[in-house]
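The values are calculated or read from the model by the stated rules, or taken from the named source; none is laboratory data. Keep in mind it's a predicted model, so treat the numbers as computed, not measured. Glycine gets a Cβ as well: all are built from the backbone with ideal geometry, and neighbour counts include every protein chain shown.
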Amino acid sequence: MTAQDARKPSAKKSRIPIFASREEEAEWWDTHDITDYLDELQPVTSKVKLRPVESLTFDLDARNMDLLRAEAKKQGFPVEVLVQIWVLEGLQRADQANQQEPAETPVNGSEESA
């Protein structure tokens, strides 16, 4: 939604121009303060559906924690983010490997008949 979509309908001419594109609008807002135009805007309600998230806690010995901190710093991530990346990458590899495994062979090499 652009600022022009959020304006209150009024008889008074808006000080916010009509923009040809989102890029043009972004450039304009980069040089203007939205608080100068609050009287021309109206509140918007939206719903955001978040996926449920679960947490995991585990212990590491001091040496491994130091190695983890050093690697996180080297890669430019907080420790928790690096661990999450590694876990998600590992799960993705496991999922891909599971999808590539051939179907199970029935016991005794023969299929049951009905």
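Values for this structure:
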quantity: Test: residue in region 52-60 that is of a type outside the set (S, T, N, Q), over 18 Å from the mean Cα position of the chain (by Cα), exposed (fewer than 10 other Cβ atoms within 10 Å of the Cβ) and at pLDDT below 95; calculated: yes
quantity: Close pairs (8 angstrom Cβ cut-off, 6 or more residues apart or separate chains): without any contact (Cβ under 8 Å) to a residue 40 or more places away in the chain and part of a helix (DSSP H, G or I) in region 73-94, surrounded by 10 or more Cβ atoms within 10 Å (Cβ to Cβ) and charged (D, E, K, R) anywhere; calculated: Val79/Arg69; Leu82/Glu71
quantity: Filter pass, Lys74 being modelled with pLDDT of 90 or more and not aliphatic (A, V, I, L, M); calculated: yes
